[in-house]
Amino acid sequence: MAGPGNNVTRMTPRQRMINLMYIVLTAMLALNVSSDVLNGFSQVHDSISRTTRNLSARNEAQFRYLEQLNEKNPEKAGVWYGKGVELRKKSEEMFGIIEGLKSEIAHTADGPEGDYNNLQHNDDLEASSVTMLNPMSRKGEKLRKQIDAYRSYVMELIADSAKKKTVAEMLSTTIERRLDGPSTWEQKTFEKIPAVAAVTMLAKIQNDVRQAESEALANLITNVDIGDIRVNELNAYVIPNSTMVMRGGKYSAHIVLAAIDTTQRPAIYVGGSRLSNPNGLYEFSAGSVGNHEYSGYIEVARGDGTLAKHPFKSSYTVIEPMATISPTMMNVLYAGIANPISVSVPGVPMNAVQASISSGTLTRNGDQWVAHVSNVGSEATITVTAQLDGRSMNVGSMTFRVRKLPDPTAFIALRDGAGNATQYKGTPKRISKAALMGADGLGAAVDDGILNVSYQVVSFNTVFFDQMGNAMPELSNGSRFSDRQKEQFKRLKNGKSFFISNIKAKGPDGITRDISPMEVALN
């Protein structure tokens, strides 16, 4: 036998023959070991195939059960059945792709008639590389990407974190890279391995696909009932649309059977804050008047431990506590002016309230109304309607008497020492001569704390008395003092007085009327 210090050229023919026989014996021994290993691969492949067939039958039964749930209650199971159909389609596509690769390796090793279940050249070290690592077809690389896509898809359908991790590891294509080792998953899996080993590896991936499909189908079936809540107590409740109903209106209420679990109260959130009352009683002090809304959600634990949120929204109306007190004799509308009217219906929003008048016009101005009437001495009835339960309903009316505007009071517009506008309405009060000289003319208005109506003075006379007691009247220039009147003011002495008479003023109703005279006295 040759050693490190031996020279083959110096060996005898006998020694050379012994070395050659050793080499052949070693090769034959190695061939026997490989045959055992290859047979072992075949047995593993058969075992995996049987397991895969059992998983396929189980998955078929799970899918049929999901199909039955959908037929019985499509509203509840429809979305999960749809996901199951898509899962089944993608799983079959993935399984079929791998099945085709197994057949291609068999054909490469044994020819067109090759059968991966009965490989003749199961020790072929080239068939796997030629099929999966061909730089032109890149079938190994494509398979890796398809496995990655399928893994990501299936993991989205599994809620349980432990099962999701198992599927991720089972279908992982990540490898630990070494300096002297393969750089990709496909190289590590298919490079220079016997054909039977490659077929067995592909069968194992098929088995992993079926296992992942089974986990996903089980989760879909669980999801059908996952939102169901276990209850141990039933109560009847009356939920009215409103506890306040007007005469002639409609009372509406939902009478429901509520099921609760007294051992596990749901968490109720209103406006982002959790309700502290365990029985779900929501109470608060009402604030501003008007319509208000509130919303929130009820958080309930599902069967798998996750939380489901059920949103809700409601509204309420706040009205002022009030009593309507109306003096009958004061139900008056004045002709020729805008009469402000307040119209409201307790419990009904303003946009659902309408009003009309029998004589004249009635228009809305924001939340107020304005009535215009003209027939003095007649009556005008205001009728109010409201939208209740989708229909218009008469909720009240009031009759008003139409009266002429009262006569105004004449005054001289002045400025006080601070420059503020004031009105001088005659004796017993007195004014200074300087204030009188600074005045422009005469005004008239109704200003009794209820009405605030301005009149336009048309004309007036001033009456002065000379030393003989003779009256000297002077005519105004419309509502302004004339020059002759102002000359008379200059000649007045302190403590003296004069009269303004024959005052004519026109109101917003278009009527010109005579109003009471006034006496002007100087300080």
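The values are calculated or read from the model by the stated rules, or taken from the named source; none is laboratory data. Since the structure is predicted, the reported quantities are computational estimates derived from the model, not experimental observations. Counting neighbours? That spans all protein chains shown, and the Cβs are built from the backbone with ideal geometry, glycine included. For the accessible areas, the whole protein counts, side chains as well, though only heavy atoms, and no ligand, DNA or RNA atoms are used. Shrake-Rupley method; radii C 1.70, N 1.55, O 1.52, S 1.80 Å.
For the reader, a short list of remarks on this structure follows.
- Among residues of region 471-484 that are of a type in the set (S, T, N, Q), those with a beta-carbon under 6 Å from a residue that is in a strand (DSSP E or B) at least six positions away or on a different chain give the pairs Ser476/Ser459; Ser476/Phe460; Ser479/Gly441; Ser479/Leu442; Ser479/Val457.
- Of residues in region 98-116 being without any contact (Cβ under 8 Å) to a residue 24 or more places away in the chain and outside any helix (DSSP H, G or I), the one surrounded by the most Cβ atoms within 10 Å (Cβ to Cβ): Gly114
- Only listed residue being out of contact with any strand residue (DSSP E or B) (no Cβ under 9 Å at 6 or more places or on another chain) and crowded, with 16+ Cβ neighbours inside 10 Å, chosen from Ser129, Ser152, Ser137, Ser161: Ser129
- Matching option when the condition is over 33 Å from the mean Cα position of the chain (by Cα) and either of a type in the set (S, T, N, Q) or open to solvent by 20 Å² or more (accessible area, probe 1.4 Å) (or both), among Phe95, Phe63: Phe95
For (1) open to solvent by 60 Å² or more (accessible area, probe 1.4 Å); (2) out of contact with any His (no Cβ under 7 Å at 6 or more places or on another chain); (3) assigned to a loop (DSSP other than H, G, I, E, B); (4) not aromatic (Phe, Trp, Tyr), each residue gets a yes or a no:
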position	(1), (2), (3), (4)
Thr385	no, yes, no, yes
Met398	yes, yes, no, yes
Phe411	no, yes, no, no
Gly419	no, yes, yes, yes
Thr422	no, yes, no, yes
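- For region 174-191, a residue qualifies if it is open to solvent by 50 Å² or more (accessible area, probe 1.4 Å), assigned to a loop (DSSP other than H, G, I, E, B) and modelled with pLDDT of 85 or more, and the qualifying residues are Thr174, Glu191.
- Met468 being over 16 Å from Glu519 (Cα atoms) and either touching a helix residue (DSSP H, G or I) at 6+ places or on another chain (Cβ under 7 Å) or not basic (Lys, Arg) (or both): yes
- Residue check for Lys504: open to solvent by 20 Å² or more (accessible area, probe 1.4 Å), closer than 30 Å to Val332 by Cβ and basic (Lys, Arg): yes
- Region 357-376: number of residues that are in a loop (DSSP other than H, G, I, E, B) and either touching a His at 6+ places or on another chain (Cβ under 8 Å) or open to solvent by 70 Å² or more (accessible area, probe 1.4 Å) (or both): 6
- Taking region 267-286 as the range and being open to solvent by less than 60 Å² (accessible area, probe 1.4 Å) and at pLDDT below 85 as the test, the residues that pass are Leu275, Asn277, Gly280.
- Of all residues in region 164-173, those satisfying the criterion of being open to solvent by less than 50 Å² (accessible area, probe 1.4 Å) and either on the phi > 0 side of the Ramachandran plot or within 39 Å of the chain's Cα centre (by Cα) (or both) are Val167, Ala168.
- Qualifying residue in region 24-32 (condition: modelled with pLDDT of 90 or more, hydrophobic (A, V, I, L, M, F, W, C) and open to solvent by 60 Å² or more (accessible area, probe 1.4 Å)): no
- Residues that are farther than 18 Å from Met350 by Cβ and in contact with a Phe, Trp or Tyr (Cβ under 6 Å, 6 or more places away or on another chain) within region 276-297 comprise Gly296, Tyr297, listed in sequence order.
- Candidate set: region 416-435, residues that are among the basic types (Lys, Arg) and more than 19 Å from Val457 (Cβ to Cβ); chosen: the one nearest to the chain's Cα centre (by Cα): Lys429
- Sole residue being loosely packed, with under 12 Cβ neighbours inside 10 Å and touching a Leu at 6+ places or on another chain (Cβ under 8 Å), chosen from Gly495, Gly510, Gly469: Gly495
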